[in-house]
Amino acid sequence: MIEHKKNIGEEIIQARVLYYDFFAGLFLFELLKNRSDVLKKQINILKNFAFSDINVEDFDILEKELHKNGIGAFKEEFTVLFSLPFTPNNIPSGSPIYLYLSYYLEGCIGGKSLSMTKDIFKSSNFYLDYEHIKETEENFGVLLLTMEYFLQNQNMKSKELFNQCINPMITPITEGISKRKDCLLYGHINNILIEFLELEKKILM
């Protein structure tokens, strides 16, 4: 019985790790641009662990887009949502959604929140590979990627990282995406993200 519970616990952790990797690949452009095959494999697995019937439909739509058109539309939506205040046709869209902790806590980028995040990284002996990741430690995608690493390595800093760095960004980022009607794929990604992070709050807060 104890061994059975241990196996279930390990399976839950592995599912959480996969979800964090899935979202990190969608919120870090350096990962996203070459992510097509990885996303197909991840979606094929994760839709079997979907949180609701609606999320199953979300995964199906993402999967169909990848098989039909590849990663292109995902990259375009990422750019419109998180990088540029205008659409490619120079038609004003919604304001860009910032993926930086300092923006939400201090109204800037690279503020004291970045230093706080770096301190958590250092205390956990986790360091970014700046050759492959151009973003800073306070970036939402980087934090998701770090949570994946922390869970894989049973790092005790995972709770602190989630509560202090990820949680303050959840509502503004997910609400920002929900308001945008020009990025349908990320609307479906957002549906899944909301459900997943609600579960994480119950585990880590």
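The values are calculated or read from the model by the stated rules, or taken from the named source; none is laboratory data. Given the structure is predicted, the values throughout are model-derived calculations rather than measurements. No Cβ is skipped: glycine too gets one built from the backbone with ideal geometry, and neighbour counts run over all protein chains shown. For the accessible areas, the whole protein counts, side chains as well, though only heavy atoms, and no ligand, DNA or RNA atoms are used. Shrake-Rupley method; radii C 1.70, N 1.55, O 1.52, S 1.80 Å.
Computed about its Cα centre, the charge dipole of segment 132-205 is approximately 120 debye, with only Lys, Arg, Asp and Glu carrying charge at their Cβ. Our helix-only sum for the chain, with -39,500 (n - 2.57) per DSSP H run of n ≥ 4 divided by its residues, gives a mean residue ellipticity at 222 nm of -20500 deg cm²/dmol. Computed on segment 111-205, the Cα convex hull volume stands at 117 Å³ per residue. Just the number, please: carbon plus sulfur as a percent of the accessible area of the chain, 1.4 Å probe, no ligands or DNA/RNA counted. Whole-percent figure for carbon plus sulfur exposure: 54. In the full protein context, the chain carries 53 Å² of accessible surface per residue, based on a 1.4 Å probe and ignoring ligands, DNA and RNA. Taking a span of 20 Å or more along the helix axis (Cα atoms) and a mean Kyte-Doolittle hydropathy of at least -0.5 as the rule, the DSSP H helices of the chain that qualify are 2-27, 184-204.
To the nearest 10, the accessible area of His188 is 40 Å² with a 1.4 Å probe.
The heavy atoms of Val56 present about 50 square angstrom of accessible area, all protein chains included, probe 1.4 Å. Within the chain, the longest run free of trypsin sites (Lys or Arg not before Pro) that sit in a DSSP loop with at most 14 other Cβ atoms within 10 Å is 34-133. Remark: the chain carries a charge dipole of roughly 120 debye about the Cα centre, counting +1 on each Lys and Arg Cβ and -1 on each Asp and Glu Cβ. Across the options Tyr104, Gly9, Leu145, the greatest Cα extent toward the positive end of the charge dipole of the chain (unit charges at beta carbon of Lys, Arg, Asp, Glu) belongs to Tyr104. Would you mind calculating the relative contact order of the chain from Cα pairs under 8 angstrom and at least 6 residues apart, reporting the percent as a whole number? That works out to 26 percent. Counting only chymotrypsin sites (Phe, Trp or Tyr not before Pro) that sit in a DSSP loop (anything but H, G, I, E, B) with at most 11 other Cβ atoms within 10 Å, what is the longest stretch of the chain containing none of them? Answer - 1-126. Kirkwood radius and radius of gyration were both taken over the C-alpha atoms of the chain, and their ratio Rg/Rh is 0.96.
Tell me which of Phe126, Asn191, Ser115 sits at the most positive position along the dipole axis of the chain, charges placed on C-beta atoms (Lys, Arg +1; Asp, Glu -1). With unit charges placed on the Cβ atoms, the residue in question is Ser115. Counting only heavy atoms of the protein chains and using a 1.4 Å probe, Ser113 has close to 10 Å² of accessible surface.
The length gained by stretching the chain between Lys68 and Glu30 to full extension, at 0.36 nm per residue less their Cα-Cα distance, is 11.5 nm.
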